[in-house]
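One structure is given below, encoded as structure tokens.
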Amino acid sequence: MTRQVKSLADRQLFWKTLFEAKKLASQLASLATDHIDGVTYDDLPQYGRVHVVAESASSLGDNFMSDTFIVTAQLTASGNKTHTLSTFIKVLPTNALLRQAAYESHTHHREINMYHHFFGLLREMHADQPIPLDVPDVYYTHIEEMVVKDGTDGSGICTLLEDLKAQGYRMAEKALGADYRHCHMALTSLAHFHALTLNVVRKWTDPATGELSNMPPTNTFFLEEKTMYDIGMLEMIQDNYQNIVEFAAEVDRPDLVEWLNELKERLPEIITYDTKDNSGPLACILHGDFWNNNMLFKYEDDGQRGATDKDEANASSSIPIALKMIDFQISRIGHPISDILYFMYSSAAPETREKHMLVLLRYYFDTLTTDLRLLGISLDDYSWEDFAREYKRRSLTWMFMGIVVLSFVLNKKVLTKLDDLDAEERLKEPKPETDVEPEKGASGMTLELEETMKNMMKSQKLSDNPTLTHRLLKLIVEVKALNSC
């Protein structure tokens, strides 16, 4: 008898059965290019005849630490009754350089822990609360280690999520930056997320010691596994600093050159790393990589028709009505303003910040405190003025990181260089097997890979187009003015 696939548990069992029986994770790229009409399996009797089609879901520049696919499975039971399922899948990048970076920094390991262990706990703890958790359901995950001598290359690593595109969600336009409506929607979901995770951090905290001694063993990865933003942020900024100064000179702003040179020697005291202690009463779990490409929007005008690829270019002028957050590969404990400024500086249009920055920050704070009251948490010892001071204090850190992120994702020469480095890497002779662990750098990657990435960024100018130049210049001018008052 053919098994029915209706509930979330049914979908999870189906995708687990299919991917483990057919080892599909390592075959997705070839299925998407060499078998565009799909493949059929007749040896899964509990599901009838299963026809699987894979298509690429993004390109370099949309994702760096993953290749993504949409897989559709059509189940045909006896009597030719059909049922169609789909899933969004993340695997290690095919780009050799990015693949090594993703594996060595354990971004997929962390995200799998988030979906499997943390979000389940979050939903269980807040099942009776009206505060939404705007993240997709997870269907199946698999992790494996790269062991050269065993022939294991990490191709089986995968995360299968609900297919948000099939529900009308899509990415917003990223080049020009987000308008007020998109920022408002993003900060709404972020405030809900922070409120729920702040409550969890408080429950994990021993009131006598302030230590996170009540944290479940399945969530100790927050303490035991550091992200690149926990340990390598200062080095990342220092590596790019000369390019930032040269950019200011190229746009004929000697005042900015002078200011940046003054800041350079003070970088170690300026750059603020997130910790539970320095986050005070707002310590929570951060998204960690909250920028335009890591959120999907549903739009008001999509209810009457299906969204198309052309709609993505016009998304910023549409009215968003819902949002889902994705890509939790750098989640960590910290202060909410870090997520907010990372988003506003890397993803908001300069004109949106110029007109609405304080209004949006106040809206976020009011939404957060309203949610916290629903959870029985009072912030009597923390005011809007405290929050505004934290915004100013951390603005320099996230200005520099915003510059690095913008240049990495909107500079087409960086993407071309990544392709070139991938081609070079594939021409190299395989490295001899050794049991000696390679030395790791501040980012968690090997020193060799870290040096390659560092040299790549140093060799590129910050901007190769007027839109990026405009956004970078506006950001530096804005944060300079904020820190001059």
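The values are calculated or read from the model by the stated rules, or taken from the named source; none is laboratory data. From a predicted model like this one, the values you see are computed outputs, not experimental measurements. Here Cβ is always computed from backbone atoms with ideal geometry, including for glycine, and neighbour counts include all displayed protein chains. Only protein heavy atoms, including side chains, enter the accessible area calculation; ligands, DNA and RNA are left aside. Shrake-Rupley method; radii C 1.70, N 1.55, O 1.52, S 1.80 Å.
Annotation for Lys458 and Asp137: the two label points, set 7 Å from Cα along the Cα-Cβ direction, are 5.0 nm apart.
The gain in end-to-end length when the Lys440 to Ala21 segment is fully stretched comes to 147.3 nm, 0.36 nm per residue minus the alpha carbon separation. Bridging of Lys412 to aspartates and glutamates at a Cα separation below 14 Å is possible for Asp62, Asp420, Asp464, once same-chain residues fewer than 8 apart are set aside.
Annotation: aspartates and glutamates with alpha-carbon distance below 17 angstrom to Lys276 (same-chain offsets under eight excluded): Asp206, Glu211, Glu224, Glu225, Asp230, Asp339, Asp381, Asp386, Glu390. Of all lysines in the structure, those lying under 19 Å Cα to Cα from Lys474, and not within fewer than 8 positions of it along the same chain, are Lys174, Lys355, Lys392, Lys461. Only DSSP H runs of four or more residues enter the estimate; each adds -39500 (n - 2.57), and after division by the residues of the chain the mean residue ellipticity at 222 nm equals -14500 deg cm²/dmol. When the charge dipole of the chain is built from unit charges on Cβ atoms (+1 for Lys and Arg, -1 for Asp and Glu) and taken about the Cα centre, the candidate among Leu122, Ser279, Ala77 whose Cα reaches farthest toward its positive end is Ala77.
Taking the charge dipole of the chain about its Cα centre, with +1 at Lys and Arg Cβ atoms and -1 at Asp and Glu Cβ atoms, the residue from Tyr103, Ala186, Val251 reaching farthest to the positive side is Ala186.
At a Förster radius of 45 Å, what calculated FRET efficiency corresponds to the Cβ-Cβ distance of Met125 and Val251, to the nearest 0.05? Rounded to the nearest 0.05, the efficiency is 0.35.
For a 26 Å ceiling on Cα separation, which of these pairs sit above it: Lys324/Lys413; Lys6/Lys298; Lys264/Lys458; Lys298/Lys454? Too far apart for the 26 Å limit: Lys324/Lys413; Lys298/Lys454.
Computing FRET efficiency as 1/(1 + (r/R0)^6) for Glu262 and Ala29, where r is the C-beta to C-beta distance and R0 is 56 Å, gives about 0.70. One chain, two ends: Ala208 and Arg362. Fully extended at 0.36 nm per residue, the span grows by 52.2 nm beyond their Cα-Cα distance. Carbon-plus-sulfur accessible fraction, the stretch 444-485 (probe radius 1.4 Å, protein heavy atoms only): 58%. With both labels modelled 7 Å from their Cα along Cα-to-Cβ, the Ser58 to Gln167 distance reads 1.8 nm. Once the Cα atoms are used to define both axes, helix 8-22 deviates from the longest principal axis of the chain by about 70 degrees.
Take every DSSP beta bridge whose two residues both sit in the chain; close to 95 percent of them are antiparallel. When the stretch 336-432 is described by a simple charge dipole with +1 on each Lys and Arg Cβ and -1 on each Asp and Glu Cβ, the residue from Gly376, Met357, Met399 located farthest towards its positive end is Met399. Magnitude of the charge dipole for the stretch 126-275, about its Cα centre and with charges confined to Cβ atoms of Lys, Arg (+1) and Asp, Glu (-1), is about 520 debye. State the percent of C-alpha pairs, over all pairs in the chain, separated by a distance greater than 29 angstrom. Percentage above 29 Å: 52.
To the nearest ten degrees, helix 384-410 and the longest principal axis of the Cα atoms of the chain are 60 degrees apart.
Relative to the dominant Cα principal axis of the chain, helix 350-374 is inclined by about 70°. Computed with a 1.4 Å probe over protein heavy atoms only, the accessible surface of the chain comes to 45 Å² per residue. Using Cβ point charges alone (K and R +1, D and E -1), the dipole size of the chain about the Cα centre works out to roughly 1120 debye. Extension gain, Gln46 to Leu176: 0.36 nm times the residue separation minus the Cα-Cα distance gives 41.9 nm.
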